[in-house]
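Enquirer: Sending over a structure as structure tokens; questions will come in a sec.
The values are calculated or read from the model by the stated rules, or taken from the named source; none is laboratory data. On a predicted model such as this, the values are computed, not experimentally measured, just so you know. Note that each Cβ is placed from the backbone with ideal geometry, even for glycine, and that neighbours are counted across all protein chains shown.
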Amino acid sequence: MILKDHKLIVILGITCLISFLVWGCATKSFVLQKTDEVDAKTKANKAKIDKLETDLSATDAKADQALSEARKALKKAEEAAGYVNYRLIGERDVNFDFDKFDLTLATKDILDEIGASMQGNPALIMEIEGHCDNSGPEGYNLALGQRRAQSVKRYLADRFGIPIHRFFHISHGEFKPKELNDSRSGREANRRAVVRLLGPPGE
């Protein structure tokens, strides 16, 4: 009887040992499998991040190139008109509603003062910069900034009979913010056109 009990104990011990070894191998295999899955996901995410950074760099480069070309075109136009050495007389910001380029009543009041000055002095010219907050795609914001600058030019030309050649405009889109875009007030301040009144040297 004692011998049988001893054999039973040995058999149970061997069975437990085998079960433990099998369980240990299964656990190790499971861990290795999960590790491989995590590594694969990490590599995939890194590849996506690398591609995103590359795309952003390419977009920034295109935007910088577009702005550089626009500035060169503006400078050539000023040189052709003989306005290179004109001095700054005054500068104002006029603001726009979200995703809009039509002029508000407050904006028109500001432009009326400036337009009267230009109308009374034919030697004065105007530079207009269109700006946006960073809501929306960069290309869309560049186009929106252009429309805002053109709205200012068109209003002054039509209302005061000022010739188009006395206006020079450019869009900076979201690339030259006045304030940070991390608050509502900051985004509102960046939705603007900068209006600069320029006069001949020594005037």
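Enquirer: Tell me the residue from 95, 141 that is in contact with a Gly (Cβ under 6 Å, 6 or more places away or on another chain) and either surrounded by 16 or more Cβ atoms within 10 Å (Cβ to Cβ) or acidic (Asp, Glu) (or both), please.
Expert: Being in contact with a Gly (Cβ under 6 Å, 6 or more places away or on another chain) and either surrounded by 16 or more Cβ atoms within 10 Å (Cβ to Cβ) or acidic (Asp, Glu) (or both) holds for just one of 95, 141, which is 141.
Enquirer: Could you tell me how many of the residues in the range 129-138 are surrounded by 18 or more Cβ atoms within 10 Å (Cβ to Cβ) and small (Gly, Ala, Ser)?
Expert: 1
Enquirer: I would also like to ask the following. Only residues that are free of Cβ contacts under 8 Å to residues at least 12 places away in the same chain, of a type in the set (Asp, Glu) and either surrounded by 13 or more Cβ atoms within 10 Å (Cβ to Cβ) or over 19 Å from residue 104 (Cβ atoms) (or both): list them for the range 150-184, please.
Expert: Once the filter is applied, which keeps residues that are free of Cβ contacts under 8 Å to residues at least 12 places away in the same chain, of a type in the set (Asp, Glu) and either surrounded by 13 or more Cβ atoms within 10 Å (Cβ to Cβ) or over 19 Å from residue 104 (Cβ atoms) (or both), the range 150-184 yields 179, 182.
Enquirer: Within the range 67-102, which residues are in a helix (DSSP H, G or I) and either among the basic types (Lys, Arg) or modelled with pLDDT of 85 or more (or both)?
Expert: 71, 72, 75, 76
Enquirer: Oh, and also: I'd like the full set of residues that are among the charged types (D, E, K, R) and either in contact with a strand residue (DSSP E or B) (Cβ under 9 Å, 6 or more places away or on another chain) or within 14 Å of residue 190 (Cα to Cα) (or both), limited to the range 155-177.
Expert: 166, 174, 176
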